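Contents: one structure, followed by commentary.
The values are calculated or read from the model by the stated rules, or taken from the named source; none is laboratory data. All values derive from a computational prediction rather than experimental measurement. We place every Cβ from the backbone using ideal geometry, glycine too, and count neighbours over all the protein chains shown. Areas reflect the complete protein model, heavy atoms only, side chains present, ligands, DNA and RNA absent. Shrake-Rupley method; radii C 1.70, N 1.55, O 1.52, S 1.80 Å.
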Amino acid sequence: MPTSLHLLADAPAQLLPARELMAFTLASHIILVPLGVAFPLITLVMHYRGLRGKDATALLLARRWSAVMAVQFALGIVTGTVLSFEFGLLWPGLMGRWGDVFGVGFGVEAWAFFLEAVLIAIYLYGWRRLKPRTHFLLGLPLPFAALLGAFGILAANSWMNTPQGFSLDSGGEPTDVNVWKAIFTPMFGPQYWHFVVGMVLTAGFVVSGVYATGWLRGRRDRYHRLGFAVPFTIAAVAAPLQFVLGDSIARSVFHKQPVKFAAMEIVWKTDTRVPEYLFGRLNENGTVSGGIKIPLLDSVLAGFHADTEVRGLTSVPADQRPTATQATIAHWAFDVMVLIGSGLVLLALWYGFVWLRHRRLPASPWFYRAAACAGAGSVVAVECGWIATEVGRQPWIVYQNMRVAEAVTSTRSSSLWIMFGVVIVVYVSLFASFLVVLLKMRTRWRLADSTRGTPAGTHTPEADIPYGPRAAVPAGDASAAGPGGGRSRGDGP
């Protein structure tokens, strides 16, 4: 019997549905994470630009983005709360034994969520109600609250990858917990900064992609130009930095988690002068099918020299390493992430070259087509990064201390499959509602902008700065504005 099937036969029946449920909820939640972590920063950059230059268009964009930020945060709270419950419901072995060691990370994240909710409420309330400078200053803590939440969850995850800060008693239970060591593990720094920059990059490309799509559809006014340029510039600066950080974290995995590195690079036997495979599939006998083989490159990338020794999967027993199938999944996820990241760097360089040489945005439609796709591509790269991280650590839920099968719940597998189906229905409904809300907001904003169009058809999306008294809507526009027709265009987010 192949090793993969043998290990699968020995696994508890609850393991597969528990894994699938956790994977689905995590993959769904992570779609929202870039906007939750980095969108406040992008919004405040636009807000600062508007205040500094008394730019009504920039202030309008910041105000509308703050409304999207609030809606997204509300959905993120729901999906994040479900995940926190699943840790206790699906993996009681993990939380029961190790919760006192690494649980502080989840506590930090909970406080960060609470703080961010309060700050978003204040920021939304402050439009037209607070003095411009006061309102902006009250918004400044928002990005730091978002980073604090990322700090908590990354501290927990990096501990699962490189656990430390405890001793084991005679019964194998953790004692003498050192909270600081449990938080600042060897993988925390590389993981945290790689994650944060990745979120900034992804949020920038997602937001700018919306305006790139509008640009391709002929909306080439200042509103769309500014809505594209600010987030794309932030993402373009982050892209090369993320490429360097990605190389750094891969090297950290090579030193701290060599078996995971072997899975990500489908290295079967420990050796020097190891080739790099672009894609390809690892077979049960250690051979690689398909893919593009580049001689020596894996050793060179790992240690800057062809004679660098790379540990293979067979350096540990079969029950202490990913299966061939899991290694292939981690390898493909890693390669897709790197491929997309490389494409985003090239797109950023294209943008930078045109700007430095001509002091304008690129004019090529192909650039905007690529920019419109960059948002979705960066989200896919984030998903692939987490797949590589989690699948590459198998079979461990706490690296070299607890297997996933030891942590899983004893709840009947049929109940877990039913729960999985319910969660799918609920999540589809939630994300569909989120999309409907965003589309309705977009329709209302376009209607508000069109009512103030000039005779020549040029849109001037809010002629007054959104502070102080509200502008009156002309009587003839009241019916076009719908039920909220008594409010000015500036009263919408």
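Against the conditions (1) in contact with a His (Cβ under 8 Å, 6 or more places away or on another chain); (2) modelled with pLDDT under 90, residue 136 satisfies every one except (2). Residues in the stretch 222-264 that are open to solvent by 30 Å² or more (accessible area, probe 1.4 Å) and of a type in the set (D, E, K, R): 222, 225, 247, 251, 256. Listed by first and then second residue, the pairs with beta-carbon distance under 8 Å, at least 6 apart or on different chains, first residue in the stretch 168-185 and among the aromatic types (Phe, Trp, Tyr), second assigned to a loop (DSSP other than H, G, I, E, B) and surrounded by 12 or more Cβ atoms within 10 Å (Cβ to Cβ), are 180/165. Within the stretch 391-414, being open to solvent by 40 Å² or more (accessible area, probe 1.4 Å) and over 20 Å from residue 164 (Cβ atoms) holds for 405, 410, 411, 412, 414.
Pairs linking a residue in the stretch 60-89 that is farther than 19 Å from residue 38 by Cβ and of a type in the set (Phe, Trp, Tyr) to a residue that is modelled with pLDDT of 85 or more and open to solvent by 40 Å² or more (accessible area, probe 1.4 Å), with Cβ atoms under 6 Å and 6 or more positions apart or on different chains, are 87/95. With the checklist (1) within 16 Å of residue 206 (Cα to Cα); (2) outside any helix (DSSP H, G or I) in hand, flag the one item residue 344 doesn't pass. Status for residue 344: all satisfied but (2). Taken over the stretch 208-221, residues that are open to solvent by less than 40 Å² (accessible area, probe 1.4 Å) and within 18 Å of residue 34 (Cα to Cα) amount to 3.
Residue selection: residue 84 fails the criterion of being within 20 Å of residue 205 (Cα to Cα) and not aliphatic (A, V, I, L, M).
Looking only at the stretch 336-357, decide whether some residue is more than 23 Å from residue 250 (Cβ to Cβ), hydroxyl-bearing (Ser, Thr, Tyr) and modelled with pLDDT under 95.
As a first pass, look at the stretch 336-357 and keep what is more than 23 Å from residue 250 (Cβ to Cβ): 350-357.
Retained after the next criterion (residues that are hydroxyl-bearing (Ser, Thr, Tyr)): 351.
Going one step further and asking which of them are modelled with pLDDT under 95, we end up with 351.
Yes; the residues of the stretch 336-357 include at least one that is more than 23 Å from residue 250 (Cβ to Cβ), hydroxyl-bearing (Ser, Thr, Tyr) and modelled with pLDDT under 95.
Going through (1) assigned to a helix (DSSP H, G or I); (2) out of contact with any strand residue (DSSP E or B) (no Cβ under 7 Å at 6 or more places or on another chain) one by one, residue 101 falls short only on (2). With respect to being closer than 20 Å to residue 213 by Cβ, open to solvent by less than 80 Å² (accessible area, probe 1.4 Å) and in a helix (DSSP H, G or I), residue 334 falls outside the description.
Selection within the stretch 432-450: residues that are open to solvent by 50 Å² or more (accessible area, probe 1.4 Å) and not hydrophobic (A, V, I, L, M, F, W, C). The member of this set that is farthest from residue 207 (Cα to Cα) is 450.
A quick yes/no check of all residues on (1) touching a residue at least 40 places away in the same chain (Cβ under 8 Å); (2) of a type outside the set (Lys, Arg); (3) open to solvent by less than 30 Å² (accessible area, probe 1.4 Å):
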residue: 358; (1), (2), (3): no, yes, no
residue: 372; (1), (2), (3): yes, yes, no
residue: 376; (1), (2), (3): yes, yes, no
residue: 381; (1), (2), (3): yes, yes, yes
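Go through the stretch 265-288 and give me each residue that's among the aliphatic types (A, V, I, L, M) and buried (at least 24 other Cβ atoms within 10 Å of the Cβ). Residues satisfying the conditions are 266, 267, 274, 282.
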